[in-house]
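> The structure under discussion is supplied below as structure tokens; questions concerning it will follow.
Each value in this text was obtained by applying a stated rule to the coordinates, not by laboratory testing. Keep in mind that this is a model prediction, so the values were computed, not measured. Cβ placement follows ideal geometry from the backbone for every residue including glycine, while neighbour counts extend to all protein chains displayed.
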Amino acid sequence: MATLDLLRWIPLIPLGAAVFNIFIGSKLGKTSAGMLASLAVGASFAIALYVFWLLPANGVFKDALYTWIESGALQVKLSFQVDALTAVMLLIVTGIGFLIHVYSLGYMGHDEDMARFFIYLNLFIFFMLILVMADNLLLLFVGWEGVGLCSYLLIGFWYRDHNNTIAGNKAFIVNRIGDFGFVLGIFLLVTELGRQGVWTLDFAELQKNVRLLSPPMIAAITLLLFVGATGKSAQIPLFVWLPDAMAGPTPVSALIHAATMVTAGVYMTARLHFLFALAPATLALIAWIGAATACFAATIALTQNDIKKVLAYSTVSQLGYMFLAVGLGAYAAAIFHVFTHAFFKACLFLGAGSAIHALGGEQDMRKMGGLRSRMPTT
């Protein structure tokens, strides 16, 4: 384990760009605000690549800013870590995030509220980076809630359209249902370990001490944490928000519902693999729910006519495959599919956005045809 002070800048640069645009973006002009937001994420991607290059095979980099909470024996640091799992997620979030920012410069160029759009995008990237770089469960939860808030703001970006506001509210409320289970899981984990004299939320410390818990307690904690994952990663029964979220701008669909936010549940279960490995009944349930979601969502996709709805149900189905892998203990396979899915689904959404743009906002696939000759690149 090595200390690397560079880590803090990966999330802080997009946050700085968002804060700058909040106060000065309107004076800069919407194109300049968008360029600044894109460059900030590009800079984060460059640092993430450098950290990835420095990282040894089984190494961990830490960057502790300060002690955030100190209450009795419980101490929670505002601290970041990068290991192999985090490094993969970092490259996905910053790399695809940068490409989507660049795409948005053209896609949202006509929109008067373009500066506000880029503020939300930068904040989303910031919270997603907090989620994957956190070295303790509480900081991960801050990122978890932050991406939920930003998804609500982005899905309902065109708030003058009633459908968009309903879709944004639906995403927010359904995610809160899952997050309630997640919070209870964290509380239960902390209090039960506290009874054994261990007050910690740090992942490394949790891994050392998790065997102090009784098997029924581990099963209860993992089930509650998985409830949070079903909300964020759109599994049965909390998948209903994701198809409606297509009401937002297409770059939002590509960023949130392909590459980053919806994979947060898979990341969380992989990060806490040492806890889930001690709960075989929970893993079996995760596998069954993943398999059921994969089949169920794919059959719904067969009957859709809206090009973005087809891709949305496809995303739910692919997330089911990821959870099936997690439930079988194949965490590496699950994260590999997170990586591949991020690229191909983002590409599909951006291609769909290009077609929708060229057709003047038409999303019904039954009215599309002969696009190969008119849009050869897409």
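> Which residues does a label at W158 reach in the range 340-378, if reach means a backbone N under 20 Å from a point 7 Å past the Cα toward the Cβ?
Flagged as within label range: 348-368.
> Follow-up question, since we're still on this one. Could you calculate, for the range 206-275, the ratio of the Cα radius of gyration to the Kirkwood radius, expressed as Rg to Rh?
With Rh from the inverse mean 1/r over Cα pairs, Rg/Rh is 1.12.
> Near the amide H of W68, under 5 Å away, which other amide H atoms are found, from residues 5 or more places off or on another chain, if H is placed in the peptide plane?
Close amide H contacts, sequence-distant or interchain: V76, K77, L78.
> Which one, G168, G106, G353, has the greatest fluctuation when you compute a Gaussian network model over the chain with C-alpha springs under 10 angstrom?
Of G168, G106, G353, the most mobile in the Gaussian network model is G106.
> Further question: Give me the net charge for the shell around L319: Cβ to Cβ below 12 angstrom, other residues only, Lys and Arg +1, Asp and Glu -1.
Its environment carries a net charge of +2.
> Please state the Cα pair-distance histogram of the range 263-378 with 10 angstrom bins from zero: what percent is in each bin?
Percent of pairs per bin, in order: 14, 36, 26, 16, 7, 1.
> While we're here: With helices defined as uninterrupted DSSP H runs, which ones in the chain have an alpha carbon span along their own long axis of at least 20 Å and mean Kyte-Doolittle hydropathy of at least -0.5?
Length and hydropathy pass: 9-28, 30-54, 84-107, 114-133, 137-155, 162-195, 215-232, 280-301, 307-327, 331-358.
> Continuing with this model, one more query. Between F344 and L49, what is the label-point separation in nm under the 7 Å Cα-to-beta-carbon projection?
2.5 nm
> How much length is gained if the chain between L39 and K367 is pulled fully straight, taking 0.36 nm per residue apart and subtracting their Cα-Cα distance, in nm to one decimal?
114.3 nm is the gain from fully extending L39 to K367.
> As a check on your grasp of the helix formula, calculate [θ] at 222 nm for the chain: sum -39500 (n - 2.57) over DSSP H runs of n ≥ 4, divide by the residue count, round to the nearest 500.
One gets -23000 deg cm²/dmol as the mean residue ellipticity at 222 nm.
> Another question about this same structure. Once the Cα gyration tensor of the chain is diagonalised, what are the square roots of 5 times its eigenvalues, in whole Å and ordered largest first, as equivalent ellipsoid semi-axes?
34, 25, 18
> If you don't mind, there's one more thing I want to ask. Would you give the gap between the C-alpha center of the range 335-369 and the C-alpha center of the range 1-77, rounded to a whole Å?
First find each Cα centre; the distance between them is then 29 Å.
> Calculate, for N305 and V19, the FRET efficiency according to 1/(1 + (r/R0)^6) with r their C-beta to C-beta distance and R0 30 Å; round to the nearest 0.05.
Computed FRET efficiency for N305 and V19 comes out at 0.10.
> Suppose we keep just the alpha-carbon trace of the range 1-135; what are its Rg and Dmax in angstrom?
Looking at the range 1-135, its Cα Rg and Dmax stand at 16.2, 55 Å.
> Further, regarding this structure: Under a point-charge model restricted to the Cβ atoms of Lys and Arg (+1) and Asp and Glu (-1), what is the dipole moment magnitude of the chain relative to its Cα centre, in debye to the nearest 20?
500 debye
> If we count every other residue with Cβ under 14 angstrom of F180's Cβ, Lys/Arg +1 and Asp/Glu -1, where does the sum land?
Cβ neighbours under 14 Å give a net charge of 0.
> Same structure again: Cβ under 12 Å from G168's Cβ, G168 left aside: what net charge do those residues give with Lys, Arg +1 and Asp, Glu -1?
Local charge sum for G168: -1.
> Right, next: In nm, give the distance between the simple-model label positions of T165 and H110, each being 7 Å from the Cα along the Cα-to-Cβ direction.
Once both label points are built, they end up 2.4 nm from each other.
> As I understand it, the dipole of the range 1-135 uses +1 on the Cβ of Lys and Arg and -1 on the Cβ of Asp and Glu, about the Cα centre. Which of F98, M35, L85 lies farthest toward its positive end?
Projecting each Cα onto the dipole axis, the largest value belongs to M35.
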